[in-house]
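Beneath this line is the structure, given in structure tokens, with notes to follow.
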Amino acid sequence: MSYALTKREPRSVGWAYLLWLPCLLGVNGLHRFYSGRWISGLVWLLTFGLCGVGQVIDLIFIPRMVEDHNDGRDIW
């Protein structure tokens, strides 16, 4: 069994920020789906980004989420 990190299709921080913008129109969590965080993406989508608080906090965390995806780190 190999524990090596697997490379995934690289993602862009700029695109992740662009996918964050639809939250201003009520569509939350797209940036989380983009960075491979499916479960939290669904939570964001169904709870309106944790009532908006999670969306604002994600502005800080987006670069790390994309970096984790690009480096192949397991998210959950």
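The table below gives the values:
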{"read-out": "Selected residue (criterion: farthest from the chain's Cα centre (by Cα)) from residues of the stretch 13-45 that are among the polar types (S, T, N, Q) and closer than 14 Å to Asp68 by Cβ", "value": "Ser40"}
{"read-out": "Given (1) modelled with pLDDT of 95 or more; (2) of a type in the set (Phe, Trp, Tyr); (3) over 11 Å from the mean Cα position of the chain (by Cα), index of the condition Phe48 fails", "value": "(1)"}
{"read-out": "Helices (runs of 4 or more DSSP H) completely within the stretch 11-56 that count 1 or more residues being buried (at least 19 other Cβ atoms within 10 Å of the Cβ) and touching a His at 6+ places or on another chain (Cβ under 8 Å)", "value": "13-20"}
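The values are calculated or read from the model by the stated rules, or taken from the named source; none is laboratory data. Here the structure is a predicted model, which means the values were calculated and not measured. Virtual Cβ from ideal backbone geometry, glycine too; neighbours counted across all protein chains shown.
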